[in-house]
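One structure is given below, encoded as structure tokens.
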Amino acid sequence: MTRQLSEFLVAPDPQNPALTETVQGIDHDGRPVETKVPVERPLTLYLNGQEIVTMMTIGDHPEYLALGYLANQRMLMPEDEVTEINLEPEIETIVVRTARRTDYEERLKKKIQTSGCAMGTVFGNMMDSLETISLDPQAELRTSWIYALSKKINLRPSLYLEAGAIHGCVLCEEDRPLIYMEDVGRHNAIDKIAGYMRVHGITAAGKTMYTTGRLTSEMVIKTAQMGIPILISRSGFTAWGVQLARQIGMTLIGRAKGKRFVALAGAERLRFDADPAAVAEEGAKSQRKGGRDDEAA
């Protein structure tokens, strides 16, 4: 049986002083202002003795980020035994060691810089693995769940609401947000969730991914790699993201704000069990700041 997980088992900690800095400036009237901004730190990831990538991150949950990145790049397989994880904060390095010997020299030559924030990078062979992915055709998404998730997630205290310039991803089940991660790039946030799922043995069965950022090809690929058949966003789509979602049978829901949303792939999974007329538009308290910035970020 699938174990029941609590809502917001993991959630942002906007009061963590290590995640933001207060800086001084002036506003449009020339008056002095102070504002919080998220930090951005490099973290270089090694797999055994091989340097894989340097990620720009806010620095929380580095172990989950490292494991999730490797898993979503298909460098760490489900059957691999992780023998050790060494985090060296003073030299901004994390090393993941496995029982299996690894050598990804050829794969590392085929890098693709993504459209995500903070210069996301994927490796070309990820595209090849899409042909082997099978997403649950029986999964369903009720419109009442979309409305409930949007409200719960956007009312939750977050680093975004505290300081802006950040993206979030949330692993959900039906109308319950389970694992909420943030980072300067949505690709980091989803990798943290993948790492958490691996460590804690959480399966993709019955799960939905929610993101605040654009529905790009990278987000579709990473969600598919995790075996999750439904991806929802407050923001918009890219053409390639839609094309890939249709190709692999993923449900893609974008521009989900208040009572509104648009489905551009996998609409057959939708169950219209809520009357949009009964759903309130987003009020000022539940709106994420800079909705237009979300669309462009």
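No value in this document is a laboratory result; all are computed from the given coordinates. Everything quoted here is computed from the prediction, not taken from an experiment. Counting neighbours? That spans all protein chains shown, and the Cβs are built from the backbone with ideal geometry, glycine included.
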For the chain, the charge dipole (Cβ of Lys, Arg +1; Cβ of Asp, Glu -1; about the Cα centre) points to a positive end, and the Cα of Ile253, Thr44, Ile221 closest to that extreme belongs to Ile253
What is the P(r) of the chain, as percent of Cα-Cα pairs per 5 Å bin from 0? 1, 5, 12, 16, 19, 17, 13, 9, 5, 2, 1, 0, 0
A chain fully extended from Glu81 to Thr22 at 0.36 nm per residue, minus the present Cα-Cα distance, gains in nm 17.1 nm
Links that overshoot a 29 Å alpha carbon limit, given the list Lys36/Lys152; Lys109/Lys207; Lys36/Lys207; Lys152/Lys192: Lys109/Lys207; Lys36/Lys207
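Placing +1 at every Lys and Arg Cβ and -1 at every Asp and Glu Cβ, with all other atoms neutral, what dipole size does region 141-296 have around its Cα centre, in debye to the nearest 20?
Details: 23 positive and 16 negative charges, 20 e Å.
Approximately 100 debye in magnitude.
At a 10 Å Cβ-Cβ cut-off, how would you order Ser6, Ser235, fewest neighbours first? Each step should come with its number before you reach the end.
On the way: Ser6 8, Ser235 24.
Fewest-to-most Cβ neighbours within 10 Å comes out as Ser6, Ser235.
Relative contact order of the chain: what whole-number percent is it, with Cα pairs under 8 angstrom and at least 6 residues apart?
Numbers: 609 pairs, mean separation 54.4, N = 297.
So the answer I get is 18 percent.
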Based on the Kirkwood radius over alpha-carbon pairs, what is the Stokes-Einstein translational diffusion coefficient of region 141-296 at 10 °C with 1.306 mPa s viscosity, in µm²/s? 103 µm²/s
Of the DSSP beta bridges with both residues in the chain, give the percent that are antiparallel, rounding to the nearest 5. 75 percent
Within the chain, excluding any trypsin sites (Lys or Arg not before Pro) found in a DSSP loop (not H, G, I, E or B) and having at most 13 other Cβ atoms within 10 Å, the longest uninterrupted segment runs 111-284
Taking the dipole about the Cα centre of the chain, with the C-beta of Lys and Arg at +1 and of Asp and Glu at -1, give me whichever of Thr57, Ile94, Ala267 is farthest to the positive side. Ala267
Is any residue of region 190-216 close enough, with backbone N under 11 Å, to a label point placed 7 angstrom from the Cα of Arg74 along the Cα-Cβ axis, and if so, which? none
